[in-house]
1. Per residue and in cubic angstrom, what volume does the convex hull of the Cα atoms of segment 219-328 have?
2. Taking 2.2 N^0.38 Å as the expected size of a compact globular protein, what ratio does the Cα radius of gyration of segment 639-754 give against it, to two decimals?
3. Could you order His91, His723 so the one with the most accessible surface comes first? Probe is 1.4 Å.
4. What ³J(HN,Hα) values, in whole Hz, does the Karplus curve 6.51 cos²θ - 1.76 cosθ + 1.60 give for segment 310-325 when θ = phi - 60°, with x put for Gly and Pro?
5. Can you compute the modelled spin-label distance between Lys68 and Gln84, with each label point 7 Å from Cα toward Cβ, in nm?
6. Taking amide hydrogens as modeled 1.01 Å from N in the peptide plane, which residues meet the under 5 Å criterion relative to Ala523, leaving out close sequence neighbours?
7. Tell me whether segment 307-436 comes out rounded, prolate or oblate; compute the Cα gyration tensor, take square roots of the eigenvalues as a ≥ b ≥ c, and use a/c under 1.5 as the rounded threshold.
8. Sorted by accessible area with a 1.4 angstrom probe, largest first, how do Ser18, Ser745 fall?
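The values are calculated or read from the model by the stated rules, or taken from the named source; none is laboratory data. Keep in mind that what you see is a predicted model, and the values were worked out from it rather than measured. Counting neighbours? That spans all protein chains shown, and the Cβs are built from the backbone with ideal geometry, glycine included. For the accessible areas, the whole protein counts, side chains as well, though only heavy atoms, and no ligand, DNA or RNA atoms are used. Shrake-Rupley method; radii C 1.70, N 1.55, O 1.52, S 1.80 Å.
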Amino acid sequence: MSVKEIYKTLDYGPAPESDAEAKAWLASHKKKFDLFIGGKWVKAGGKPFTANNPASGAKLAMISQASKADVGKAVRAADAAGAQWRALSGHTRAKYLYALARLVQKHARVLAVLETLDNGKPIRETRDIDIPLVARHFYHHAGWASLQDSELAGYEPLGVVGQIIPWNFPLLMMAWKIAPALAAGNTVVMKPAEQTPLTALYFAELCMKAGLPDGVINIITGDGETGQAIVAHKGISKIAFTGSTEVGKFIRKATAGSGKDITLELGGKSPFIVFSDADLDSAVEGVVNAIWFNQGEVCCAGSRLLVSEAVADKFYKKLRRRMDKLRVGDPLDKTIDMGSLVDKTQLTRIQNMVAAGLKEGGEIYQADIPMPNKGCFMRPTLITGVDTACTLVREEIFGPVMVAMTFRTPDEAIQLANNTRYGLAASVWSENINTALDMAARIKAGVIWVNSTNQLDAAVGFGGMRESGYGREGGREGMLAYLKPKGAEGKPLVAVTPTALKSNTPETGIDKTPKNYVGGKQARPDGSSVMPVISASGKLLGEVGRGNRKDIRNAVEAATKASKWSSSTAHLRAQIIYYIGENLDARKDEFAQRIKSMTGCTLTAAKKEVAQSVECLFFYAGFADKFDGAVHAPPVRDIAIAMNEPLGIVGIVAPQAAPLLGFVSLLAPVIATGNRAVIIPSDVYPLAATDFYQVLETSDVPAGVVNIITGEHDVLTPTLAEHDEVNGLWYFGKAGGVASVEAASIGNLKQVWSHKEQQVDWAKAYGRRYMEKASQVKNIWVPYGA
Ligand code: NDP
């Protein structure tokens with residue numbers, strides 16, 4: 001037999017990984033687990049459930065269901081541990097995180113096996129990807145703990161954080177959440193998914209081994225009800241969630257007005273784009289990694305294949321040939337490519353979804369390979385001949401199913417790529433760097449991989465845009481998500497009540513009805529209705545438009561058309577904001593008089609407010625071209641370029657008090673970062689804002705970049721909060737509004753930032769944080785170096 005023939009006929013022998021150590025560990029617990037609270041195992045109040053091996057159906061252990069009372073116990077334990085943990089030096093916290101990293105490495109093999117047993121994913125992946133990344137996360141964040149005082153000065157921890165994770169990367173998701181939370185000085189109540197609790201419970205023992213103070217980490221098992229109890233608990237300052245968009249929206253709604261911070265890492269339908277000049281063989285391997293890694297149960301899976309029509313047939317042929325070489329089977333076998341889905345429910349859900357979806361059209365190809373005859377296995381699947389309206393193209397399948405479409409031009413590829421409610425990740429394949437980077441800039445997603453896919457690292461922020469959620473995990477931005485500015489708590493905000501009208505005669509004697517400002521033009525309010533602006537002494541100062549929802553919609557439409565502002569250069573934006581400052585300064589006396597007459601403050605105080613507003617505009621003009629991103633050097637042959645991108649259209653509800661400074665302090669960072677703004681000024685003192693549009697008109701601000709609608713906060717805000725074209729909402733308006741704004745934001749999961757019903761000192765309210773809140777980091781991974 002020739003060597004060539006031997007290669008052709010070689011078959012795989014079995015290469016099983018031993019599960020003896022993992023089974024011995026389960027046996028040492030009599031296959032029964034309590035909750036890990038306050039550094040001890042604690043009996044739970046709920047009815048226990050089983051953890052099964054989805055590849056074999058074998059029962060692995062009995063798991064406790066934490067009741068509402070148990071959640072309370074865990075929060076109390078975390079709270080009690082908080083003061084001491086926060087008071088430790090960064091170096092001491094770093095030593096604990098370092099110990100956890102080392103312990104994960106020392107127990108890497110048993111953790112990998114346990115994860116494979118519990119989840120069904122191949123040992124090759126748990127051994128080579130999940131567990132090494134877990135250790136990397138703890139190492140990286142040990143570093144952040146050491147550097148906190150110098151690199152994150154001025155911030156403090158949030159307190160007790162509730163963390164809820166899914167089943168697809170159980171230990172890795174836990175590390176992504178626990179490591180930054182602890183590094184920042186928070187304490188944790190963590191709930192793993194009910195399907196995959198075992199590695200989290202093993203990790204609880206590693207915490208004991210590391211001598212972590214009792215209560216710093218509490219791990220409570222349970223189902224969605226336990227999750228709900230965590231979300232609802234008043235003692236928790238932040239919820240960090242990874243899972244489905246549906247539950248993410250539920251959490252946003254459930255926490256509305258509670259003052260809790262939230263970060264949501266949700267679903268996706270990420271495009272995998274192959275240009276005709278791509279290295280097609282590499283791109284085929286990329287597809288394997290994008291959609292058959294982890295059985296496709298990956299939030300950032302490249303699950304929508306977009307191929308240049310010129311090479312589509314050739315590419316599909318290569319892909320089908322490669323599919324027929326994949327190996328699906330016992331996940332503990334080291335030569336297996338794809339293991340079992342997480343459970344029967346998930347398998348049935350995917351099969352039903354595919355069957356129903358195919359009724360709308362499409363051709364299915366499933367790998368022609370041997371399959372196990374039991375367990376939750378599914379063939380690698382490719383569906384071609386679908387279009388943008390098909391359910392399978394629109395909805396997240398969360399399994400080993402790729403849907404493929406073709407495109408002709410880069411513009412069409414962009415249209416298809418962005419034609420989704422999600423925005424988590426994308427993968428672009430082209431040998432032409434111009435094409436690849438142009439696409440990277442235009443795709444709306446938090447992570448872009450050039451000629452690669454599913455690259456992840458602790459130093460590189462990960463997270464989505466649009467309905468893929470908000471917040472980043474990893475890197476500096478991931479640390480900031482577990483911190484707040486020191487001394488952030490102000491006094492409770494109270495609504496400003498207008499003075500009663502004593503005289504109907506306009507103070508100036510001249511009738512003056514300022515209008516809205518939409519698309520660069522003065523616009524009459526749609527409802528042809530006005531509301532009075534009354535001076536501190538009760539005289540009529542003027543009447544402004546009483547805007548309605550149609551006015552808000554018109555303003556959003558104008559802002560949508562001004563999209564060029566978002567891709568304009570920072571230098572141009574800086575120049576224009578300087579010019580606004582210059583023109584405001586030229587009219588400073590008039591603005592000061594206006595503020596004095598509306599608010600009744602002294603002329604000196606009014607002059608100061610105007611001067612501070614000019615200073616604020618200069619500050620953000622100066623910042624516009626210095627708000628740089630970063631270039632990360634993860635431990636692979638890539639760089640990751642972290643770009644600060646604007647959110648898009650930001651709705652601003654300006655404070656009732658500080659009618660000019662509050663307005664400018666919010667508007668300036670929003671437009672400096674490249675957003676377009678729809679702004680509702682103070683509804684008690686709106687004349688500073690309506691005077692301000694005359695400043696805008698003389699400052700070369702492109703039409704639609706700033707739109708101003710006057711009216712009552714309670715009436716106008718809901719339309720802004722519900723509008724699907726608005727990407728972010730800064731609510732600093734009338735007291736009592738935050739809860740409804742946050743609840744109304746769930747349609748497109750817009751990011752809401754608010755005063756949290758506390759007073760803000762506008763003279764001090766500026767800085768990098770405002771730029772960060774107006775932007776989102778996009779990480780572009782580019783192969784680089786040897
Ligand atoms: P879920 O979003 O339901 O679950 C994620 C986590 O949230 C689990 O710990 C879950 O607990 C918990 N949870 C469920 N309901 C609530 C609630 N009301 N309040 C608080 N916590 C809650 O995902 P599923 O596991 O049910 O998977 C369903 C689909 O979600 C998948 O098919 C996939 O499409 C998507 N998904 C996306 C993930 C991602 O990374 N983006 C990860 C996992 C799933 P419990 O485990 O007990 O249900």
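1. 144
2. That ratio works out to 1.05.
3. Highest to lowest solvent-accessible surface, that is His91, His723.
4. Once θ is set to phi - 60°, the couplings for segment 310-325 become 4, 10, 4, 4, 4, 5, 4, 5, 4, 5, 5, 4, 5, 4, 6, 9 Hz.
5. The two pseudo-label positions are separated by 3.1 nm.
6. Under 5 Å from the amide H of Ala523: Asn516, Tyr517, Val518.
7. Prolate shape, in that a/c is at least 1.5 and a/b is the bigger ratio.
8. Sorted by accessible area, descending: Ser18, Ser745.
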